[in-house]
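For reference, the structure discussed in these notes is given below.
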Amino acid sequence: MSGAASGFGKGPWAVIGAGGWGTALSVVLARQGHAVRLWARRPAIAAAIAEQRENTVYLPGVPVPPAVQPTGDLAAALRGAVGVILAAPSAHTRAILADMAPYLSPATPLISATKGLELSSLMRMSELAQDVLRPHFNRPPRHAVLSGPTFAREVAQGEPAAVVIASADSELAADIQSCFSDATLRLYTSTDVTGVELGAAVKNVIAIAAGICDGLGLGANTRAALIARGLAEMGRLAAACGGRRETLSGLAGLGDLVLTCTGDLSRNRTVGLELGRGRSLEEILASRPTVAEGVNTCAATMRLASRHGVEMPITEQMHAVLFQQRAPRDAVRALMERSLKAE
């Protein structure tokens, strides 16, 4: 089922953030018959996409359909939109939401497609939307979270994928499910916004660890153990923050974790891979045009875990590697030599 059966009609939709994921979601909506306005923070990116019909910086080689209108004008992107997808990096989300607020209607659904935590406040993206938009609307915004095991390139190319749309408003989630689902993208609904968002954020930290193991030349046994114990960490934190552990066994938890820890298109795994090979974090980040959310998320997750008294040994070791110059091999040894316990 696709957009014609949903409560949104055929658009226009606004997609805020012209990185790889925002561009891919624009392509999906256009493929389903929607008009889309794709906003880029840098007007030069919008102009280049409009001219070349391709995002050569963040999603090269994928045609952008004529139904996608790139723009650097935020007001123009949002004007009359039946729904808004926010796909900007978490570090920029608060400022972008504040800039969006004057042009948003309280009735307009806002879908967060960002996987991260705000470093300063430790807020999830849904909490951030509440914090910024509620004072403008005098009521909570209509908000949902889109997450799951997806690489932007594969989604844009129409390879089959399944994701989760989570919202406290089950009617809104069902409408989005109907609007976005088609023969290549299948959506499942959830009411566990907390579990979905924390799974989406923390799996990026575990993916850096998986990349480090690969960079060190460690084998499949190590990777499997890391994924299993990483999932346990994610579940403990989600439960402590009010989410449901069972959510982490689904698409937004285990599914996304396996993809990000094993896939060659994973930005966070690639950061870990280079760390394991001996490059410095500064050198790695300086050479990349795209954001690896797991770096800032690692720092935020450590503070969130401390706030809730949650033990997260893999995250702790990744924090030491990323921010305290611990050698990657020493971090692996520290995990293996922890005190023995029952699973």
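We did not get these values from a lab; they are worked out from the coordinates using the rules stated. Owing to the predicted nature of the structure, the values given are computational and were not obtained by experimental measurement. Positions of Cβ are generated from backbone atoms using ideal geometry, with glycine treated the same way; all protein chains shown enter the neighbour counts.
By other beta-carbon atoms within 10 Å, ranking F137, F8 with the fewest at the front produces F137, F8. Each part gets one Cα centre, and for segment 30-77 versus segment 157-211 those centres are 23 Å apart.
Could you work out how much longer the chain between E159 and M336 gets when fully extended? Use 0.36 nm per residue separation minus the Cα distance between them, nm to one decimal. Intermediate values should be presented prior to the final figure.
Numbers: separation 177, 0.36 × 177 = 63.72 nm, distance 3.81 nm.
Value of the extension gain: 59.9 nm.
Modelled spin-label separation between R53 and A224, with each label point placed 7 Å from Cα along the Cα-to-Cβ direction: 4.8 nm.
Charged neighbours of A200, selected by a Cβ distance under 11 Å, balance to 0 (K, R count +1; D, E count -1). With a/c under 1.5 counting as rounded, go ahead and sort the chain into rounded, prolate or oblate using the C-alpha gyration tensor (a ≥ b ≥ c being the square roots of the eigenvalues; past the cut-off, prolate if a/b is larger than b/c, else oblate). Prolate is the answer for the chain, as a/c is 1.5 or above and a/b outweighs b/c. Across the options L25, G148, G158, the greatest Cα extent toward the positive end of the charge dipole of segment 3-191 (unit charges at beta carbon of Lys, Arg, Asp, Glu) belongs to L25. Take the Cα of H136, step 7 Å toward its Cβ, do the same at A101, and the gap between the two points is 0.7 nm. Projecting the Cα positions of I284, L198, Q324 onto the charge dipole of the chain (unit charges on Cβ atoms of Lys, Arg, Asp and Glu, taken about the Cα centre) puts Q324 furthest along the positive direction. Taking other residues whose beta carbon is less than 14 angstrom from the beta carbon of L25, and scoring Lys, Arg as +1 and Asp, Glu as -1, yields +2.
With +1 assigned to the C-beta of every Lys and Arg and -1 to the C-beta of every Asp and Glu, and no other charges, what is the dipole magnitude of segment 1-108 about the Cα centre in debye, to the nearest 20?
100 debye
About its Cα centre, the chain has a charge dipole of approximately 220 debye under the convention of +1 per Lys or Arg Cβ and -1 per Asp or Glu Cβ, with nothing else charged. Local charge for D73 was computed over the other residues whose Cβ lies under 13 Å away, with Lys and Arg +1 and Asp and Glu -1, and equals +3.
For the chain, modelled as a GNM whose springs connect Cα atoms under 10 angstrom apart, the maximal fluctuation among E118, E197, E246 occurs at E246. Spin-label model, D182 to T262: label points 7 Å out along the Cα-to-beta-carbon direction sit 2.8 nm apart.
So if a site counts as exposed when it's one of the trypsin sites (Lys or Arg not before Pro), its DSSP state isn't H, G, I, E or B, and it has at most 11 other Cβ atoms within 10 Å, what's the longest stretch of the chain without one? It runs 1-337.
Only one residue of G215, T260, Y188 has its Cα farthest out toward the positive end of the dipole of the chain, where Lys and Arg carry +1 and Asp and Glu -1 on Cβ, and that residue is G215.
For an R0 of 30 angstrom, estimate the FRET efficiency from the Cβ-Cβ distance between F323 and S249 and round to the nearest 0.05. Kindly include the intermediate steps, with their values, before the conclusion.
Working: r = 30 Å, r/R0 = 1.01.
That gives a FRET efficiency of 0.50.
Between A44 and E283, the FRET efficiency estimated from the beta carbon spacing at R0 = 30 angstrom works out to 0.70.
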